[in-house]
Amino acid sequence: MAARVGKRVVTFLLVLGGLWALWEGYKWLWERTAWSKPFRVDDLTLPHAHAILLQLGESTSTGDDLWLFLIRAALFTAKSAAVGFAFGAVVGFFLGVVLVQFDVLRRGIMPYVVASQTIPILALAPIVVRGLGSVSIGGSPPPDWVRVSVIASYLTFFPVTVNTIRGLRSADPWALELMHSYAARGWTVLWKLRVPSALPYIFTALKIAATASVVGAIIGEQTASISNGLGGAILNFNQYYVLEPKNLWATNFYAALLGIGFFLVVLLAEKVVVHRAPERLV
Amino acid sequence: MSVSTSVVSINGLSKVFGKGGVTALQGIDLEVERGEFVSLIGPSGCGKSTLLRIVGDIIAPTEGEVAVNGKPARKARLDRDYGIVFQAPVLYDWRTVAKNIALPLEMLGWNRAKRAARVRDMVELVELGGFEKHHPWQLSGGMQQRVSIARALSFSPALLLMDEPFGALDEMTRERLNLELLRIWAETGSTVIFVTHSISEAVFLSTRVVVMSPRPGRVASIVPVDLPQPRTAATREQPRFFELVTRVRESLHAVGADEVEETLATEDELA
Ligand SMILES: Nc1ncnc2c1ncn2[C@@H]1O[C@H](COP(=O)(O)OP(=O)(O)OP(=O)(O)O)[C@@H](O)[C@H]1O
Ligand SMILES: [Mg+2]
């Protein structure tokens, strides 16, 4: 056990070192030869990796150090993304279940579900955020992060619905006959056979959705001009990029780490929930 | 023959798949008495699985009637009168051995304690003690099929329908499970309809062997097996066993079964 963990840590460090070497090697080579394709490389377009790390210790205009400022922003975004992810996953799952159970509904509704995903999120987000801003729940409009989470859930539900439908259909025909031989009712078959059969598919969707929800939350924040999260930080640091490029790079790393964190949480949940032969995990 | 002693009563049964399509079964009549062990044997595609699935009300016949325990097949299915075992174990990967066996009991609404007690008995019956918490993929093929048999027997159905349950297993495992199945059959007093491709398996297990002919599927002949009970490994060495194997084989040749099943060669050498 300890040996396996040790091996993992070594692999992780090796990959990290490799990435760092690639980064710095690229920078060095392009600077040395002054290649301008695809873009000229200097400290402005591609800062040193360690310089970005060191930048985390610098203080920002808010008074906090950059690392703390970004953690606060990441937590804000994480909250909207997590709520959006959970909401989207639940809606997506139930939509999938309903659409599989009632074939007529599926043929009628599925085209709109697909169409919903062809609307650019950049066009939809401002409408949703503004629209929800004028809605009154208990006397006041929903807080910013709730509106952002709606955008996140919009990106989450679709893969979950598609894979839930596919997964519910993946039940073994013999297993279905077995259920029939027990005179099992539709809901029993759904709960005891179809949903467990669908779980590996659903988790595949949740992994996609986990990272998508972070992206959705960031875009939601930007289109709604909400400045507390990573989306706001990206816009802000982008504006002052020429003065301090490392701030934006650092923010991007935080966004990436947040996405990876979400992914890992889903992966962990899958390990706990899905009991399947290792090679049969989708 | 009085209807009351028949567990399965099949009258004038026909099955046509699709409109004017394949006639899988035609004019099947068969009575299976309580406590019998009846094997269905015949060339591939002669409708053995189809017949079994009609008895289990998994598919409907085109013509004719099937009564199980004196009721229409559908009623018998709703009353959970039979347990079924397929060629593959069809276990649920996400359930442990114990939970797989308990599946039909959950559907019957048994409470937890009652289920646990029955699962314990079943695990003992199929000799899988110590594997209750294992998942199916952690078991060998033979062990998986034993779980599948335990599951079919767990709610004590009067009738056991088995479609080539040992078809995918090696000869050694198959013979061991044959003995185990006979022991279970004797202990539980159930009635079995058993589909197989193996002549020796059919003769060894059965009280009667039903030989079916293909295109369309019919009952060609019925061979009563008068080998003494209980059957043991020594049964396979009795002259009577070989006589019956020969009789079933000749019936199969008579219906034009060209496919020679795998165990035949060795039996010829022995005979
Ligand atoms: N669902 C179906 N639709 C159409 N034809 C079918 C269907 N199921 C079976 N058949 C046909 O019915 C005939 C009998 O099939 P069945 O599966 O009962 O044969 P079998 O005796 O069990 O064969 P095997 O020994 O290979 O398992 C075959 O010709 C097959 O093609
Ligand atoms: Mg068959």
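The values are calculated or read from the model by the stated rules, or taken from the named source; none is laboratory data. What you see is a predicted model, and the numbers here were worked out from it, not measured in a lab. In this analysis, Cβ positions are derived from the backbone assuming ideal geometry, glycine residues included, and neighbour counts consider all displayed protein chains. Areas reflect the complete protein model, heavy atoms only, side chains present, ligands, DNA and RNA absent. Shrake-Rupley method; radii C 1.70, N 1.55, O 1.52, S 1.80 Å.
Some observations on this one:
The rows are residues; the columns are (1) open to solvent by 30 Å² or more (accessible area, probe 1.4 Å); (2) of a type outside the set (Val, Ile, Thr); (3) modelled with pLDDT of 90 or more.
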{"site": "B:144", "(1), (2), (3)": "yes, yes, yes"}
{"site": "B:148", "(1), (2), (3)": "no, yes, yes"}
{"site": "B:159", "(1), (2), (3)": "no, yes, yes"}
{"site": "B:163", "(1), (2), (3)": "no, yes, yes"}
{"site": "B:168", "(1), (2), (3)": "yes, yes, no"}
{"site": "B:174", "(1), (2), (3)": "no, yes, no"}
{"site": "B:189", "(1), (2), (3)": "yes, yes, no"}
{"site": "B:194", "(1), (2), (3)": "no, yes, yes"}
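- Helices (runs of 4 or more DSSP H) contained entirely in region A:127-208, each with at least 1 residues that are open to solvent by 30 Å² or more (accessible area, probe 1.4 Å), in contact (Cβ under 8 Å) with a residue 60 or more places away in the chain and not β-branched (Val, Ile, Thr): A:144-169, A:186-189
- Within region A:3-52, the set of residues being closer than 20 Å to residue A:246 by Cα, open to solvent by 80 Å² or more (accessible area, probe 1.4 Å) and under 28 Å from the mean Cα position of the chain (by Cα) comprises A:16, A:19, A:20, A:22, A:50.
Table: residues versus (1) away from chain A (no Cβ under 14 Å); (2) among the β-branched types (Val, Ile, Thr); (3) within 16 Å of ligand 1 (Cβ to nearest atom).
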| position | (1), (2), (3) |
| --- | --- |
| B:163 | no, no, yes |
| B:170 | yes, no, no |
| B:173 | yes, yes, no |
| B:176 | yes, no, no |
| B:184 | yes, yes, no |
| B:189 | yes, no, no |
| B:195 | yes, yes, yes |
| B:205 | yes, no, no |
| B:224 | yes, no, no |
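- Picking from residues in region B:2-26 that are open to solvent by 10 Å² or more (accessible area, probe 1.4 Å) and away from ligand 1 (no atom under 15 Å from the Cβ), the one that is nearest to residue B:167 (Cα to Cα) is B:9.
- From the list B:55, B:90, the one residue that fits, being within 30 Å of residue A:275 (Cα to Cα), surrounded by 20 or more Cβ atoms within 10 Å (Cβ to Cβ) and touching a residue at least 24 places away in the same chain (Cβ under 8 Å), is B:90.
- Among residues that are surrounded by 14 or more Cβ atoms within 10 Å (Cβ to Cβ), over 19 Å from the mean Cα position of the chain (by Cα) and not assigned by TED's automatic domain parsing to the domain that holds residue A:198, residue A:55 is included.
- Any hit, region A:66-80, residues being in contact (Cβ under 8 Å) with a residue 60 or more places away in the chain, assigned by TED's automatic domain parsing to the domain that holds residue A:245 and either under 16 Å from residue A:157 (Cα atoms) or touching a strand residue (DSSP E or B) at 6+ places or on another chain (Cβ under 6 Å) (or both): yes
- For region B:40-62, the criterion of being among the β-branched types (Val, Ile, Thr) and more than 15 Å from ligand 1 (Cβ to nearest atom) is met by no residue.
- Screening residue A:191 with (1) within 14 Å of another protein chain (Cβ to nearest Cβ); (2) over 27 Å from residue B:148 (Cβ atoms); (3) aromatic (Phe, Trp, Tyr) gives one miss only, at (2).
- Within region A:170-194, the set of residues being closer than 17 Å to residue A:92 by Cα and touching a Ser or Thr at 6+ places or on another chain (Cβ under 9 Å) comprises A:194 only.
- Restricted to strands (runs of 3 or more DSSP E) entirely inside region B:1-111, those with at least 3 residues that are within 14 Å of chain A (Cβ to nearest Cβ) are B:82-85.
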